[in-house]
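Note sheet for the following structure.
Any read-out appearing in this document is the output of simple, stated calculations on the displayed coordinates, not a laboratory observation. Keep in mind the model is a prediction, meaning the values are calculated, not measured. Methodologically, a virtual Cβ is constructed for each residue, glycine included, from the backbone with ideal geometry; neighbour enumeration extends over all protein chains shown.
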Amino acid sequence: MQTATPPPVPSRPVILENNLPGVRLTSETGFTSEIYNHGAHVGSWRDGNGDAILFLSKHAQFTPPKAIRGGIPICFPQFSNLGPCATQHGFARNQAWELVEQDSSQHKSRECVFQLASSDATKELWPHEFVARFRVALVGDTMETSLSVTNSSDAKTFEFTAALHTYFAVGDIAKASVAGLGNTTYLDSLDGRIEKVDANESVTFPHEVDRIYQQTPDCLQVVDEANNRTIQIKKTNLPDAVVWNPWVDKCKATSDLGDSDYEKFLCVEAAAIQNPVKLAPGETWVCSQVLRVSKGCV
Ligand code: TA6
């Protein structure tokens, strides 16, 4: 007999471990994630043994509007300073989002949706009417995320850039790399954002790295040798990818990072940067990123 799908339970944030409201998700293989209303920010993703797959700084401040350091900050309506907002990476990660959907199968949620609609406050920063929704779902050993943006005005077209600024935990940066970007053009943010190409199939981190790769393959890998694991990134409608590690000096200069934290994370940020997204009134843009962790290094 077909069992009826349980109706979505009323959305109800709980107070998470850092005293902010949010949602705790658990997959059928025991992977867990905590997502905060603040910024619709994925703060953690852990495997069935409780080992962190995403990096979260021990010095992260959970004091809105400051963005949480680690996990998956949402960069919208711009990446970095590539847009009209005065604030780096736009404002989505600094705003309170509303929990609008949450499932609850066997009393454990696996999926939730947060929403951010334009307001007087956001229009001060960016004079456009929009509705953004961010969905997170845990399915076995994967985390599915998708961001949609709708132009809810009836008259004004707007454009934006966006990124899912994902912090991956690694056991040792000296034994970590990002595969799939060989011979892909990138802008070097450490060298006036001039265009360069790196023939190496893997990006390694013997120094600070801050690169905006353009028109990249949709499938990339984070190879974490020290933890003997590979994290596959499958992105859709996010043609670009930013790769970043602050290394020693920038890490020391960042108040919500520990001095040696650069050894323990790298960022791969699925993004739409080179060609800003343009939405006419009523149009919607949707992108997604699916992360899957597996044992072993390719
Ligand atoms: O990830 C690329 C980047 O633009 C770096 O240049 C660095 O600034 C990083 O983002 C972190 O930015 P944040 O505003 O979160 O400190």
(message) I need the shape label for the stretch 79-218. Rule: rounded when a/c is under 1.5, else prolate if a/b > b/c, else oblate, with a, b, c from the alpha carbon gyration tensor.
(response) oblate
(request) For the chain, give the magnitude of the charge dipole about the Cα centre (Cβ charges: +1 Lys/Arg, -1 Asp/Glu; no others), in debye to the nearest 20. (result) 400
(request) Rank these for me by crowding, T184, T122, going from fewest to most other beta carbons within 10 Å. (result) T184, T122
(request) Note down the relative contact order for the chain as a percent, whole number, built from C-alpha pairs under 8 angstrom at least six residues apart. (result) 17
(request) Anything over 32 Å Cα to Cα? Flag those among K175/K235; K66/K108; K58/K196; K108/K175; K108/K250; K58/K108, in the order listed. (result) K58/K196; K108/K175; K108/K250
(request) Compare V113, V222, V197 in a GNM of the chain, Cα atoms joined below 10 Å, and give the one with the largest fluctuation. (result) V197
(request) Return K234, K196 ranked ascending by Cβ neighbour count within 10 Å, so the fewest neighbours appear first. (result) K196, K234
(message) Using Cβ counts within 10 Å as a stand-in for footprinting exposure, how do C112, C297 rank, fewest first?
(response) C297, C112
(request) Provide Rg over Rh for the chain; use the alpha carbon set for both Rg and the Kirkwood Rh (inverse mean inverse pair distance). (result) 0.95
(request) Could you point to the residue in A280, G83, Y262 farthest towards the positive end of the chain's charge dipole, with +1 and -1 charges on the Cβ of Lys/Arg and Asp/Glu respectively? (result) A280
(request) Quick one: dipole size for the stretch 238-288, taken about the Cα centre, charges +1 on Lys/Arg Cβ and -1 on Asp/Glu Cβ, in debye to the nearest 20. (result) 120
(request) Specify which residue in the list Y167, T26, P206 is farthest towards the positive end of the charge dipole of the chain, using unit charges on the beta carbon of Lys, Arg (+1) and Asp, Glu (-1), about the Cα centre. (result) T26
(request) Would you mind putting 130-136, 249-255 in packing order, based on average other-beta-carbon counts within 10 Å, highest first? (result) 130-136, 249-255
(message) Can you compute the charge dipole magnitude of the stretch 8-81 about its Cα centre, using +1 on each Lys and Arg Cβ and -1 on each Asp and Glu Cβ, nothing else charged? Give it in debye, rounded to the nearest 20.
(response) 260
(message) Could you tell me how far the Cα centroid of the stretch 207-260 sits from the Cα centroid of the stretch 142-184, in Å?
(response) 11
(request) Please give the calculated 222 nm ellipticity per residue for the chain, where each DSSP H segment of at least 4 residues contributes -39500 (n - 2.57) and the sum is spread over every residue; nearest 500 deg cm²/dmol? (result) -1000 deg cm²/dmol
